[in-house]
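Okay, structure first, notes after.
Derivation of every value follows stated rules applied to the coordinates shown; laboratory data play no part. Bear in mind the structure is a predicted one, so any value in this text is a computation, not a measurement. Cβ sites come from the backbone with ideal geometry, for glycine too, and all protein chains shown count toward neighbours.
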Amino acid sequence: MKNFKLSIISLAILGLVGCSDGDNGTNGTDGSNGADGLNSLILQTPLTVGDTNCPNSGVQIDSGLDNDADGSLSDSEIIATEYVCAAGVTSVSNSEILTTLNNDWFAAGEAEIETAKDVWASSISSATAKTAKTTITAKAASIESLRGQAKNVILFVGDGMGISTVTAARILEGQLNGNKGEENQLSFETFPFAGLAKTYNVDAQTPDSAGTMTAMMSGVKTDVGVIGVDEDIERGECSTVDGNELYTALELAEIAGKSTGIISTARITHATPAATYAKSADRNWEDISDIDTEEAEAGCIDIADQLVNFESILEAKIDDLDIDGIEVVFGGGRRHFLPNDADYNSADAVSTVEGDRTDGRDLTSEWQDIYPDGEYVMDQSGFEAIDTDSVEHVFGLFNESHMQYEADRGNDIAGEPSISEMTETAINILDNNDDGFFLMVESGRIDHGHHAGSAYNALTDTIAFSDAVAKAVELTDSSETLIIVTADHGHVFTIAGYPKRGNPILGKVVSVNSTEEATASDGMPYTTLGYTNGLGFRDLGTETDADETYTLAAAVGRQDLTDVDTSSSGFHQEALVPLGSETHSGEDVGVFASGPGALLINGTQEQNMIFHVMDFAADLTGAADAAVE
Amino acid sequence: MNFKKITILLIAQLIMSVSAYAKQACTDYRQLKAEYNISVQQKGHSSTNTQLILWREEKVVAHQYPSTKITEMWQNINQKLIKPIRYFNDYNRAIEYQPGEVVHGKKETDWSYRFQLISSSMLAKMTETKRQGAGCDERVFLTYKTDKSELSIVWMPQIKLVESFKLDNPSRKEHWQLTNLDTKTAKVDEYFKLLYAYKGTDYADIGDDHTDPFLTKMVTLGFVESGASGFYNDKGEALEGHHHH
């Protein structure tokens, strides 16, 4: 249209140029109207917060000509685009601040921090607390004032309970309670202090229970596979034990006059519990038949023997020492205490000959001779008959080998107590001593569930373990009892994919905003939980004993899970690398603590630090030194 | 050399040996060593011959497979539970399983199935076609037919032992033949004593110690169990075994 108008003007000018001074001519006739021009359109589009061009919202302004005259501005017609963006928020109003600070989540978080502060402050004098908050020097002094404040110490060890296990168990427990699960907390996750422990052994990047438990119980990291001795040991060489023994927190507590106890759902001679009382060049020397003849003839003492004769062995190391022995021992592993003779079989023996000992000794009988007033029990009814007010020593061996998985406990022949029941009974016996007690509680079968590739068994045992911790919290006074909950190592156990909130943790992945099972690039569904290695997939239905996996060849790699109920107790998760069993992992483990000295559990520490925290909080070394002076 | 004559002679000697033994052992059939030759002809495959040695006493049964150097043992616990143990003869090692659990997809509940190589319930389903001999020499010929299969067994009821077992169906022909029988209890005692001296590992501990070279090799050692005659259901179909090698 503009060009057309210019043409008219040009003609007019040319007309003027062509005239001289003659008369004005008559006006020409009007030209015809030009065609309508194109409409110019402007399109405004509101932009929401998060837009690429206007992160804080705004308006996008597109302009152009309506070439096709359809009354709208299509993308091809846009000539220019401009943005008018809202300014970013650089300040908040008082009302907005109040909303932020008054919401339930903030209030709960603030209360938790204050509670933690109170726990810390209550364990020292108020004056010291005030001072401690002001200067670093005073802080150090105030921490020193905590030494010996813990009358009782309880160390809970979830064998193999790595970070992913804690997370998955927390979700499973929440879901079993009818909730989404992720928001749930296991009992020990509510403790005011937590940190991480580095688990490696002196000679191993990925550790085993023997080396890690020795670190926790004795304060010194050592080699894989050895019990209660330092790194100068040569595994399998009994003669190298001499001179390399380490004192344990349990021994120090015993010397200090405290009552002591050991609980394990594994064999009581297994690596973790053994590291509380034994010194052995090999974790597998659980009874005399496990030791080479030459080593045995050289005087090497098996682990079971060391447990039963703990009192005399420790007394022989220190002049004039007089202790009263371990008050409470609960676990499995009768086979290592009985002679290899069917006449000694227990009522719920699961072998034609229950005992393994080739030296003909019945260590249960020997224990009874040492503690004539003590009670030896081997089943649920015997356990329930224990009078916790009067009994001074109790020795419970509830299974020929390991105790049952919690999910499989109902299948035990003679019946056996839960880890929570054992913890309760132990504390009720140990707290009869006014000088306090040391108790170690191990959930040994979390580890076995993982080794077998069964998340179900590992997680249900973790939940039972959490219940035992809750029972200990209930039965003790947090102002005088240090409780530490940790693991010796983790497992190659993963929580993966992008399942939506509340998706069954044992189930197959269902993505956010979906109701259908997600599929992998191979077109098949997959589970949230999985293992990096091991024997892999099993579909054993309602089976509750994870160890059945060892009766079958490995089935690693991808499986079609379309018609498999992955939440059933008998399902074993897929694994990648074929191994005879799933393995430990080398990452850090969580450490959770409450009570006097608990504040020392923080940050990332070496695992042997746990011993030093216990030693400091209860002043075990100081009290033991005083007792033998 | 006339191989045919020698073969016939050997078979005759074996039959006489078994027969003579039966007379002697009838009073105590529980403790014995029985050797079987197993020949299998599958359609489209060449035939195979393997050996199974049955060792047993009152509460313990072992099936020794010399070809794989593995011995499976079952212990009868108070007539209530059956505990499986697997012995790896080349390694002097054993893996002990929990009684009452499923092993190889099968829960051990029938002691006769391991003790006799065929369960008493299966024997009860079979039809007697002939009976010969008396006392300890008594033999019962039993058959069981389905649409596609036929089982034939020569059963020694006084010894509770299979002398011969044949399976015949379009895809598989299998023949178990007792080749030697020994009731010298010392031999059984000696073999069991040998096995009991192996280093045993609770199956729950397999994952515990990755420094143990035997346990780390477990996955490749095979989970071997050659089939026994009791592995057939009432349709004559193999329930398990036969193919794990």
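Some points to look at:
- Here, P(r) means the percent of Cα pairs in each 10 Å bin from 0 to the largest distance; for the stretch A:509-629 it is 11, 27, 19, 18, 16, 7, 2, 0.
- In units of the compact-protein estimate 2.2 N^0.38 Å, the stretch A:349-493 shows a Cα radius of gyration of 1.15.
- Evaluated at q = 0.18, 0.20, 0.24, 0.28 Å⁻¹: base-10 log I(q)/I(0), Debye formula over Cα of the stretch A:270-316: -0.49, -0.60, -0.84, -1.07
- Rh (Kirkwood; distinct C-alpha pairs) - the stretch A:441-542, Å: 16.1
- For the stretch A:304-404, applying the loop criterion from DSSP together with a ceiling of 16 other beta carbons within 10 Å to the trypsin sites (Lys or Arg not before Pro) yields no site.
- Binned Cα-Cα distances of chain A, short to long, each 20 Å bin given as a whole percent: 17, 41, 21, 8, 6, 4, 2, 0
- Beta bridges by DSSP in the protein assembly as shown, antiparallel share as percent, to the nearest 5: 70
- Ranked packing of B:48-57, B:110-119, most packed first, by mean Cβ within 10 Å: B:110-119, B:48-57
- Pairs beyond 18 Å (Cα-Cα), from B:Lys43/B:Lys145; B:Lys59/B:Lys83; B:Lys43/B:Lys125: B:Lys43/B:Lys145; B:Lys43/B:Lys125
- Viscosity 1.306 mPa s, temperature 10 °C, Stokes-Einstein D of the stretch A:181-335 from Kirkwood C-alpha radius, µm²/s: 97
- Karplus-based coupling profile of the stretch B:148-158, in residue order and whole Hz: 10, 10, 9, 10, 10, 9, 9, 10, 9, x, 6, with θ = phi - 60° in 6.51 cos²θ - 1.76 cosθ + 1.60 and x standing for Gly or Pro.
- In the stretch A:462-618, the DSSP beta bridges split such that about 80 percent are antiparallel, to the nearest 5.
- Other-chain or far-sequence residues with amide H under 5 Å of A:Gly490's (modelled H): A:Ser585, A:Glu587
- Couplings for the stretch B:172-179, taken from phi via the Karplus curve 6.51 cos²θ - 1.76 cosθ + 1.60 with θ = phi - 60°, read 8, 10, 9, 9, 9, 10, 5, 10 Hz in order; Gly and Pro are left as x.
- When peptides A:446-458, A:155-167 are ranked by their average number of other Cβ atoms within 10 Å per residue, the highest-first order is A:446-458, A:155-167.
- Cβ-derived FRET efficiency at R0 35 Å, B:Phe192 paired with A:Ser312, nearest 0.05: 0.40
- Each principal axis of the Cα atoms in the stretch A:142-201 has its own extent, and those three values, largest first, are 45, 29, 18 angstrom.
- For peptide A:352-364, the mean count of partner chain Cβ atoms within 10 Å of a residue's Cβ comes to 1.
- Listed by chain and number, the aspartates and glutamates whose C-alpha is less than 16 Å from the C-alpha of B:Lys80, apart from same-chain residues fewer than 8 away, are A:Asp348, A:Glu354, A:Asp412, B:Glu58, B:Glu101, B:Glu108, B:Asp110.
- Per-residue average of Cβ from other chains inside 10 Å of A:206-219: 1
- The length gained by stretching the chain between A:Glu183 and A:Ser72 to full extension, at 0.36 nm per residue less their Cα-Cα distance, is 34.9 nm.
- The stretch A:300-377: C-alpha pair distances exceeding 18 Å, %: 44
- For chain A, the 222 nm mean residue ellipticity estimated from helices alone, with every DSSP H stretch of n ≥ 4 adding -39500 (n - 2.57) and the total spread over all residues, rounds to -9000 deg cm²/dmol.
- Taking every alpha-carbon pair in the stretch A:430-478 and binning the separations at 5 Å intervals from zero gives 5, 19, 22, 17, 13, 11, 8, 5, 1 percent.
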